[in-house]
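The values are calculated or read from the model by the stated rules, or taken from the named source; none is laboratory data. Worth saying up front: this structure is predicted, and the values here are computed from it rather than measured. No Cβ is skipped: glycine too gets one built from the backbone with ideal geometry, and neighbour counts run over all protein chains shown. Remember, those area values only see protein heavy atoms, side chains included, never the ligands or the DNA or RNA. Shrake-Rupley method; radii C 1.70, N 1.55, O 1.52, S 1.80 Å.
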Amino acid sequence: MHTDMNPLLDDVESQVLDLANQAIGHQVNGEPRQAAQHWARAIALADTGMDEDEIRYWLRSGLAEALYQLGDDDACIAAAREARAWCLQQQTPLASLLLGQSLFRRGHAEAALEALREAQSMIGSRFFEAIDSEHRDGIAQLMAQTRAA
């Protein structure tokens, strides 16, 4: 977040945070479509009024999660890639986890491995608990095969 005392920027930041909080509420309530809409609005506002603020990457990781839940893998991959470097700096596995799972779900198993391994290095022993149950066995098998090779 910023530290200067610009009232216009404070207003934009307040609006962005309000939209983000609404998006989080929709995600918690199992409403990924509404969450994605709020994340997208927050991103558009942040990109025009907070172009140097790191919050933009956090917003994209939230959008990636909603898009993943919607099954929109291409859009999830794009959003997660934009957030990935920032998330890695913050030691937050969400972008890597979503990127890896979306790539895996799209049939790009080899491309998914780097992101999945990044997420695993941050999550540790609870990594497979963080993977969607429908992909857990396939991802575990893929990761075991590539370790053995």
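Here are some notes:
- When segment 24-64 is filtered for residues that are outside any helix (DSSP H, G or I) and either under 20 Å from A85 (Cα atoms) or of a type in the set (D, E, K, R) (or both), the ones remaining, listed by number, are E31, M50, D51, E52, D53, E54.
- Residues of segment 70-81 include none that is part of a loop (DSSP other than H, G, I, E, B), over 11 Å from the mean Cα position of the chain (by Cα) and within 18 Å of A119 (Cα to Cα).
- Filter result (open to solvent by 30 Å² or more (accessible area, probe 1.4 Å), closer than 27 Å to W86 by Cα and over 17 Å from the mean Cα position of the chain (by Cα)) within segment 130-145: S133, R136, A140
- Positions within segment 41-64 being open to solvent by 50 Å² or more (accessible area, probe 1.4 Å) and closer than 17 Å to L94 by Cβ, in sequence order: E54, Y57, W58
- The set of residues in segment 68-95 that are open to solvent by 20 Å² or more (accessible area, probe 1.4 Å) and farther than 20 Å from F128 by Cα comprises L70, D72, D74, A75, A78, R81, E82, A85, W86, Q89, Q90.
- Residues of segment 96-119 that are free of Cβ contacts under 8 Å to residues at least 12 places away in the same chain and surrounded by 14 or more Cβ atoms within 10 Å (Cβ to Cβ): H108, A111.
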